[in-house]
Amino acid sequence: MKIAVLVSGGVDSSVALKLLQDEGHDITAFYLKIWLEDETAFLGICPWEEDLTYVRSVCEQLDVPLRVIPLQKEYHERVIAYAFDEVKAGRTPNPDVMCNNQVKFGAFLECAEMSGTDANGRGKFDKVATGHYARVEEAEQVTSDKGQMTEKRKFFYLKKSKDAVKDQTYFLSRLTQEQLSRALFPIGKYTKEEVRALAKQFNLPTKNRPDSQGLCFLGEINYDDFVRHHLGEREGDIVDTDSGKVLGHHQGYWFHTIGQRHGLDLPGGPWYVTGKDVEKNIVLVSHRLKMPMVERDTFEVENLHWLSYDPRSVIRDMRLTVKVRHGAREYVCTLEFLDAGRARVHLLDAKERGIAPGQFAVFYDGDMCLGNGVIKGLLPISLLAKCQR
């Protein structure tokens, strides 16, 4: 196959590149230039120069052609704009989910390097491979009418990786069926430890490079600094949800998300963010001893998106699992479908303190990722009333 491999300068995409080369595929490496020059100039740092140096070293060692694709404009329009719209509305965005859907498997597939056909009339690339910890499984579904077979269709399913901790299906849960049909995740059958071992076995330049942290476009840039550059600061009150008492002050509700503990700097803690009043620039908090009062086992999601099929047509009792953020923790749940792409999620085995509006709730049936929905606003009016005394 002709495969476009997205490389980042990290160990995961480097190993993915090598594995596909060893399988005999016709591969080309692509580095997506999505960093934002204005921000990096303002913050006085360019963390991607080192990434690109590692990318070039790996490609030179493996003798793989490398192309650098500028997608800053697309990234700003499709990801950054979304992120700041959500932050200003008091919600918690997930730029990495949108980056995969809108850029890596969106704008990149639309660019001239990927779209159209070659001189022989073939698509320029059959697949797009990345270093995500996930798996894609192809299956055939037969549709029938009154017992007569009418059509065979290929479906592509997104499945968890072998490594439950590193699994990244959460970030891929907004892909479309068309995008899944083009996606390839070569390291999904390995654990992180095994990927590291392969990098050393292949003697790749990235074999000892530490994992990147934070959002895909920020690198080592501090997230709060990035937000401060765009939104500035505006002092507001930090209020105890239980008593309505002002406990301290913050520099802008946009620096805080529900379930967060760090950055509050309050005595007698630990304190956790439990809500926000955007109009009054108030951050609501609760003490750990009071957290059971604000933990939830029910919340609503909207903008439901299913990767391969609407589970109502296949799963009878609708008992699934859900992640309310990236990580290994899942909750057993049921879905109560409402109107207009909405559903009410009922957690069956625990309550959760950090259900943040704007974040994605991602649903699973065993190891199959079904899709996601956006968590709606949660804060009861009764809690805000205490802040308005």
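Legend: calculated FRET efficiency, Asn203 to Lys88, from the Cβ-Cβ distance at R0 = 41 Å, rounded to 0.05, equals 0.30. In a fully extended conformation the segment linking Lys152 and Ala139 would gain 3.7 nm over its present Cα-Cα distance, using 0.36 nm per residue. Taking 17 Å as the straight-line reach from the Cα of Lys351, the aspartates and glutamates in range (excluding those fewer than 8 positions away in the same chain) are Glu295, Asp297, Glu300, Glu330. Pairs from the list Lys2/Lys160; Lys104/Lys124; Lys18/Lys192; Lys124/Lys159; Lys245/Lys290 with a Cα-Cα gap above 22 Å: Lys2/Lys160; Lys124/Lys159. Label positions at Asp367 and Arg261, each projected 7 Å from the Cα along the C-beta direction, are separated by 3.3 nm.
For the stretch 276-352, compute Rh as the Kirkwood radius over C-alpha pairs and then the Stokes-Einstein diffusion coefficient at 10 °C and 1.306 mPa s; write the answer in µm²/s, rounded to an integer.
108
The numbers here are math on the coordinates, done by the rules we state, and not lab data. Here the structure is a predicted model, which means the values were calculated and not measured. Positions of Cβ are generated from backbone atoms using ideal geometry, with glycine treated the same way; all protein chains shown enter the neighbour counts.
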